[in-house]
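The values are calculated or read from the model by the stated rules, or taken from the named source; none is laboratory data. Treat the numbers as computed from the prediction; the structure is a model and nothing was measured. Please note: Cβ atoms are built from the backbone with ideal geometry, for glycine as well, and neighbour counts cover all protein chains shown.
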């Protein structure tokens with residue numbers, strides 16, 4: 001999936017989310033339903049998070065060939081993913097605290113109305129997941145043939161988290177209505193919030209590693225291993241400038257008569273790179 005395709009898909013999801021938000025707020029206002037009114041504004045927070053993703057793709061497209069950025073615009077996507085993961089984590093924390101409060105201070109639940117809202121939310125989020133290409137995403141799993149786009153992944157996780165909470169909510173609401181298990185609603189909310197926080201933490205951890213230029217030891221060791229018969233590195237630094245590209249700086253002594261172009265060709269079989277600066281020690 002190209003960045004242009006991701007940009008279009010994200011825009012489509014934003015439009016769908018905003019339409020749903022507008023309908024829920026208007027109907028909530030007309031019917032005096034605070035539940036619908038609140039869920040409408042909740043949709044607005046997702047539209048805001050998705051807008052960060054969309055704006056990032058627009059900036060990447062417009063500044064792709066700008067000479068202002070020494071290592072390209074790869075970190076735009078990572079920074080957007082980091083910001084969205086923070087918002088996702090805050091959402092999870094709010095759900096956890098609200099659920100704990102509901103456990104100790106139960107409130108009357110309008111089951112029929114709440115079930116309808118949860119079903120509407122699930123349908124909208126399911127459509128959004130399909131638009132985003134849900135079958136291509138696996139939380140915590142990365143295919144070798146397709147690089148991770150943390151910008152797109154963070155947007156996808158916002159939608160997935162909302163869909164998950166809708167499923168949990170529907171189950172708990174039916175149990176509360178027909179079985180009288182009122183306490184199940186906040187308990188399920190707490191579990192859902194915890195899962196969202198775990199997802200957010202993993203995404204924050206991955207994006208932070210790129211943003212602070214953590215050394216990519218895996219790629220570094222592969223480069224050393226592939227060239228050990230031709231050159232000896234006296235110094236080698238390898239770090240990610242985006243999710244799928246690295247920058248390489250190093251010094252080396254030759255063992256054979258290998259050319260610099262041949263060294264770069266071998267490295268290209270291991271990883272894509274934005275910049276490579278290798279100085280030969282004579």
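Scan region 176-233 for residues that are at pLDDT 85 or above and on the phi > 0 side of the Ramachandran plot and jot them down. Answer for region 176-233, where residues must be at pLDDT 85 or above and on the phi > 0 side of the Ramachandran plot: just 213. Taking first residues from region 137-160 that are assigned by TED's automatic domain parsing to the domain that holds residue 74 and in a loop (DSSP other than H, G, I, E, B) and partners that are modelled with pLDDT under 50 and loosely packed, with under 13 Cβ neighbours inside 10 Å, the Cβ contacts under 7 Å between residues at least 6 apart in sequence or on separate chains come to 148/142.
Out of all the residues in region 11-18, is one or more part of a helix (DSSP H, G or I), surrounded by 21 or more Cβ atoms within 10 Å (Cβ to Cβ) and modelled with pLDDT of 75 or more? Scanning region 11-18 turns up at least one residue that is part of a helix (DSSP H, G or I), surrounded by 21 or more Cβ atoms within 10 Å (Cβ to Cβ) and modelled with pLDDT of 75 or more. Taking region 178-198, which residues are buried (at least 16 other Cβ atoms within 10 Å of the Cβ), farther than 14 Å from residue 95 by Cβ and touching a residue at least 60 places away in the same chain (Cβ under 8 Å)? Hit for region 178-198 is 182, nothing else. Taking region 199-216 as the range and being closer than 27 Å to residue 163 by Cβ and without any contact (Cβ under 8 Å) to a residue 40 or more places away in the chain as the test, only 205 passes.
For region 110-126, the criterion of a residue being over 19 Å from residue 190 (Cα atoms), surrounded by 14 or more Cβ atoms within 10 Å (Cβ to Cβ) and in contact with a strand residue (DSSP E or B) (Cβ under 9 Å, 6 or more places away or on another chain) is satisfied by no position.
Any idea which of 98, 24 is in a helix (DSSP H, G or I), modelled with pLDDT under 85 and surrounded by 20 or more Cβ atoms within 10 Å (Cβ to Cβ)?
On the way: 98 fails: surrounded by 20 or more Cβ atoms within 10 Å (Cβ to Cβ).
Of the residues listed, the single one that is in a helix (DSSP H, G or I), modelled with pLDDT under 85 and surrounded by 20 or more Cβ atoms within 10 Å (Cβ to Cβ) is 24.
One residue is enough: does region 253-262 have a residue meeting the conditions crowded, with 17+ Cβ neighbours inside 10 Å, free of Cβ contacts under 8 Å to residues at least 60 places away in the same chain and either part of a helix (DSSP H, G or I) or not assigned by TED's automatic domain parsing to the domain that holds residue 161 (or both)? Checked region 253-262: no residue is crowded, with 17+ Cβ neighbours inside 10 Å, free of Cβ contacts under 8 Å to residues at least 60 places away in the same chain and either part of a helix (DSSP H, G or I) or not assigned by TED's automatic domain parsing to the domain that holds residue 161 (or both).
So that you can scan it fast, the table gives a plain yes or no per residue for (1) under 30 Å from residue 69 (Cα atoms); (2) outside the structural domain of residue 52 (by TED's automatic domain parsing); (3) buried (at least 19 other Cβ atoms within 10 Å of the Cβ):
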| residue | (1), (2), (3) |
| --- | --- |
| 168 | no, no, yes |
| 173 | no, no, yes |
| 230 | no, yes, no |
| 235 | yes, yes, no |
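With the condition kept exactly as written, say whether any residue in region 187-194 is part of a loop (DSSP other than H, G, I, E, B), more than 23 Å from the chain's Cα centre (by Cα), under 30 Å from residue 111 (Cβ atoms) and assigned by TED's automatic domain parsing to the domain that holds residue 105. Scanning region 187-194, I find no residue that is part of a loop (DSSP other than H, G, I, E, B), more than 23 Å from the chain's Cα centre (by Cα), under 30 Å from residue 111 (Cβ atoms) and assigned by TED's automatic domain parsing to the domain that holds residue 105, so the answer is no.
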